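In what follows, a single structure is set out as structure tokens and then discussed.
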Amino acid sequence: MVSLFVLFTSLAELAWGKSVPAGPTIQLGRTTLVGRDIAFWGQEFFGGIPYARPPLGNLRLRPPVLTTSLDDDTFNATQFGLACLQLGLPASEISEDCLTINVLRPSGTPSSEKLPVVNFHIIGTVLEPEGRYRCFGRRYGGGFIAGQADIVNASALVAQSVVRGTPIVYVNFNYRLGPLGFAQGQEADNRGAVNLGLRDQIAALQWVQKNIGLFGGDPTKVTIFGESAGAIMSAILFLNADLPSLARAAIFESGSQASLPLFPPERGETDWQNFVKGVASCADEANTNMAIPCLQNAGTEEIFAGLSAAAAETTVRFTWGPVLDGPGGLIPDLPSVLFARGQFAKLPFISGTNKDEGTIFTPTTINSTEELIERLTTMFTPAVSEADLNASIAELLVLYPDDPALGSPFGTGNQTFGLSPVFKRAAAAFTDLYFLALRRFWMETAANAGVATFGYHYTEPESVTPPYDGVAHGSDVPYVYGDPADQSPASIFLSDVIVDYWVSFATSLTPNDGHGVVPRPEWTQFTSKNKAVMQLNGMNLTMIPDDCRLEQTNFINSMPVIWRH
């Protein structure tokens, strides 16, 4: 059988990018949405549909205002909307008027069909240190500062859902980024302007509840999933009681609630002031409580200048991202505290990590234990007292010794790839601190509460990245979307299998629905008595014990306040 994922690139891009004068239509209230027929894939696309009012003027730095209808008689939905304001893209491709949603469905799907709504994908691959980028689809993205809905092409994924007899409707959207979506500092906290990107996500899900039935989707069968920042955002929603009204399941790829360590917004005061100082008309308000009213009156060009100014002054840690916003907020306390109270949504999920998550977060220039300690101190200060943090870092480094054979990329022996041995030591610690330990903490908590959860460990070798990256953060994403760079039989098989598992879970809440384009092993549920995960590897697809570096992750999870999860 020829894989669905052997993409005929030129034909696919022609079909995906072609604009036609007439196409499929949807009646959204008084408005006729005119979409695009993607004949090559047997699909229909409706894109760039506003789900919230433009966050401009008085709506800038405020929660999104949901809009479920449009004012025009006809709306051109043949293209994606513009990306939200960010650095790294041409000015013609970004806008503050960016809160738009996109729907991809099998051709001819009637509104009565009630298909599962799958892959409500919030992608967030990482903008790396030293200017290194991990690229998927046509652009880089992530880290809460970059990315947009057209970063991936979901046509192959939807096509396989049809072939396997379990068709889906695919939805994704744009959300605000950087200081406009994840403002920091005391004033933002006082004015309720933090975590706005998360609130955009909720608004988009509310739009789906209201309108997806018009496209043939079932609002009671929504599965959210994301990678990296997208997984973090999706996992954070599990801390809120309203999630079951918006979705019934989730898939987390390489991210948990605190993969970006969580602090109060006041910790980012300097970064916020650097942004405001870069907005010419508001520079004098940078250290006052009146910056946001001023920013609401600034022009987009000034705001963009502020983004550039803040980026020039940024520290090694991630500047913009979710923050603790207290009682009544989206993240009222550290996830570990909420887990202990049983305060999380009891919905089924898949959660997994890649073998070498930490490599792309580790500067290739790192060459001393002192620099590693400094980076850890910067990332986790002010968690607790300086003495307690220093003691915890010292204990951590005992568990991650300066031995290349124990470092990441794991399984590469004493090879250091021409880098300092400290690189592998740091990458191993970062893999577990930000990803593996948190994934285990989250899964064990959910499983102990009786939640159906399935774990994976992705180990497919990379063929197109530097060898020191190993099986890096984000390397699984092309497999989910049917476009692995390695077109070997093993890689194509793995891509087919991953899509079957994902679609199976989203349509039936189990990865084992019995449908699929290729045979695959049963993926057993992760429980307190059966801590096993699926090893996603084209040459060795099998269940394995979830016990690698167990001593290290148990140590990390024994002191969540120190590590801010």
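Here L433 fulfils each of the conditions (1) over 23 Å from L509 (Cα atoms); (2) at pLDDT 95 or above; (3) in a loop (DSSP other than H, G, I, E, B) apart from (3).
Residues checked against (1) crowded, with 17+ Cβ neighbours inside 10 Å; (2) touching a Phe, Trp or Tyr at 6+ places or on another chain (Cβ under 7 Å):
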| residue | (1), (2) |
| --- | --- |
| T74 | no, no |
| A77 | yes, yes |
| L85 | yes, yes |
| S92 | no, no |
| C98 | yes, no |
| N102 | yes, yes |
| P110 | no, no |
| E113 | no, no |
| P116 | yes, no |
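Here is the figure for region 286-332: residues that are of a type in the set (D, E) and in contact (Cβ under 8 Å) with a residue 24 or more places away in the chain total 2. So which residues in region 266-279 are farther than 12 Å from L61 by Cβ and not in a loop (DSSP other than H, G, I, E, B), if there are any at all? Within region 266-279, E266, R267, G268, E269, T270, D271, Q273, N274, K277 qualify. Only one of the listed residues (T431, T445, T459) is polar (S, T, N, Q), surrounded by 18 or more Cβ atoms within 10 Å (Cβ to Cβ) and within 17 Å of A235 (Cα to Cα). That residue is T445. Filtered by the rule that a residue be farther than 17 Å from L243 by Cα and surrounded by 15 or more Cβ atoms within 10 Å (Cβ to Cβ), region 334-356 gives L334, S336, S351, G352, T353, N354, K355, D356. Under the condition of being at pLDDT 95 or above and part of a loop (DSSP other than H, G, I, E, B), which residue from region 202-246 is nearest to V503 (Cα to Cα)? For region 202-246, the residue satisfying everything is G216. Does any residue of region 280-302 turn out to be within 24 Å of the chain's Cα centre (by Cα) and in a helix (DSSP H, G or I)? No, the conditions are met nowhere in region 280-302. With the structure loaded, tell me whether Q184 is touching a residue at least 40 places away in the same chain (Cβ under 8 Å), more than 15 Å from P64 (Cβ to Cβ) and in contact with a Phe, Trp or Tyr (Cβ under 7 Å, 6 or more places away or on another chain) or whether it fails that test. The answer is yes for Q184. The one condition from (1) more than 20 Å from N354 (Cα to Cα); (2) surrounded by 18 or more Cβ atoms within 10 Å (Cβ to Cβ); (3) not hydroxyl-bearing (S, T, Y) that F526 does not meet is (1). Scanning region 311-344 for residues that are in a loop (DSSP other than H, G, I, E, B) and polar (S, T, N, Q) turns up T314, T315, T319, Q343.
When S463, S408, S420 are screened for being closer than 29 Å to P511 by Cβ and free of Cβ contacts under 8 Å to residues at least 60 places away in the same chain, only S463 passes.
The values are calculated or read from the model by the stated rules, or taken from the named source; none is laboratory data. Just so it is clear, the structure is predicted and the values come from calculations on it, not from any experiment. Quick reminder, even Gly has a Cβ in these numbers, built from the backbone with ideal geometry, and neighbours come from all protein chains shown.
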